[in-house]
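Structure first, commentary second.
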Amino acid sequence: MFFRSFRTLFLKAVKNVIVLKSRTYCLDSTKKKWKIMFFGTDDFALKSLKELHKAMHEGRMVSELSVVVPAPKPHPCLVAKYAMKHNLPISVWPLPKEQPPTDCWELGVVASFGHLIPKRIINSFPQGMLNIHASILPRWRGAAPIVHAIMNGDDETGVTIMRIKPYHFDVGDIVQQLSLPIDPHISAVQLTDRLADMGANLLVRCISDLHYHLNRCTPQPSGGVTLAPKIDATLSHIDWSSMNAAQIYNRWRATRHLFKLQTFFHGNNVKLNDVEPPTTKAPTMFQDVVDRPGRIIVDRQRNLLFVRCQDWVAFRHVTLHRRPVMSALDFFNGYLQKKAIDQHYFDVH
């Protein structure tokens, strides 16, 4: 029922869209109000859209605003919901190749959109297109820069406002950048929220004096390029023999909103959660134990499950084969103590 009502409203909104039209770069005075078409999907993008919408209501920077979103599958994205609620014109991606002549959209803005923008669309905006990217480019080009920054233990990240170029993601000239230290215990969700605020504010700064910033943009450095591809569930599997505690902790911080870390206990799937920081020490009597990867030790006093990797890593909670979440002590009492000591291992593949 919701989908039908949304679809009806969605089609009505689409009728109000002013579609793109190719034309040459215009050289108006710098501080003017722009007709902006916004391409976005999620909460990271939504903060930038809200700032543009606020500016339009306050009579700053933006004279008209519309959005482009993917078709709902099956539910509309956050940007689409916001546009519907506030009666912003909506266009559904992909945009049609043949478009009737309409009023001019002057600037395109992209944030967390996930689709490569064709050259014909980029060129149809007199001022081109800007992208808000959650990294200090050229580090972490791609779909998941925040996850990769945390997972790789980066000390710093930030946001980049860049001009969009055709054919490749995240290769355009840099308009503005801001850096942010990464707290060693922050999660990807928390960092996304902070970077979304930074990106929205930096976007407003750039658009408020658009020509000034566009005339001073610079190519990305040729060195230091790293890629941030989409995340899949294969990253949930822990390799006890190749990973250390810091790597496991960072992977948990980076992906905990997507899935739980996994291993196997005598063939049964085990999900591990609430990873302790790598500074958490194993019980003194085991710190110098040289044992094969996957060895399990339960610290009863602290209710922690320690596992031997390249060093020792600790977890607070365990889920075994779709059963309720257990503490480390519950796992010991219910499963571990029923096994001989030489069987107190997670499987290593």
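The values are calculated or read from the model by the stated rules, or taken from the named source; none is laboratory data. All of these numbers come straight from a predicted model, not from anything done at the bench. All Cβ positions, even for glycine, are placed from backbone atoms using ideal geometry, and neighbour counts span all protein chains on display. Heavy atoms of the whole protein, side chains included, go into the accessibility calculation; ligands, DNA and RNA do not. Shrake-Rupley method; radii C 1.70, N 1.55, O 1.52, S 1.80 Å.
Annotations
- Accessible area of SER222 in the full protein assembly, 1.4 Å probe (Å², nearest 10): 120 Å²
- If you sort TRP34, TRP93 by accessible surface, 1.4 Å probe, largest first, the order is TRP93, TRP34.
- In the chain, helices alone account for a calculated mean residue ellipticity at 222 nm of -8000 deg cm²/dmol, with every DSSP H run of four or more residues adding -39,500 (n - 2.57).
- Set LYS271/LYS338; LYS73/LYS230; LYS33/LYS165; LYS54/LYS81; LYS31/LYS73; LYS97/LYS165 screened for pairs whose C-alpha atoms are more than 28 Å apart: LYS31/LYS73
- Expressed to the nearest 5 percent, the antiparallel share of DSSP beta bridges inside the chain is 60 percent.
- Rounded accessible area of THR279 (nearest 10 Å², 1.4 Å probe): 110 Å²
- Using the Cβ-Cβ distance between TYR212 and ARG302 with R0 set to 45 Å, the FRET efficiency from 1/(1 + (r/R0)^6) comes to roughly 0.20.
- Calculated P(r) tail over 18 Å for the stretch 46-183, as whole % of Cα pairs: 61 percent
- Surface share of carbon and sulfur [accessible, 1.4 angstrom probe, percent] for the chain: 52 percent
- Å² per residue, accessible surface of the stretch 107-246 at 1.4 Å: 41 Å²
- Estimated FRET transfer efficiency when R0 is 25 angstrom, pair TRP93-ASN273 (beta carbons, to 0.05): 0.10
- Solvent accessible area, Å² - LYS81, 1.4 Å probe, full protein context: 100 Å²
- Convex hull per residue volume in Å³, alpha carbons only, for the stretch 222-345: 127 Å³
- Among LEU258, LEU178, LEU195, the sequence by solvent-accessible area, most first, with a 1.4 Å probe is LEU258, LEU178, LEU195.
- For the stretch 269-340, the spherically averaged projection of the C-alpha convex hull amounts to 5.0 nm².
- Taken over the chain, the alpha-carbon convex hull comes to 163 cubic angstrom per residue.
- Three-way shape call for the stretch 56-105 based on the alpha-carbon gyration tensor, with the a/c threshold at 1.5: oblate
- Ranking ASP209, ASP170 by solvent-accessible area of protein heavy atoms (1.4 Å probe, all protein chains present), from largest to smallest, gives ASP209, ASP170.
- Centre separation in Å (Cα based) which lies between the stretch 312-349 and the stretch 170-199: 37 Å
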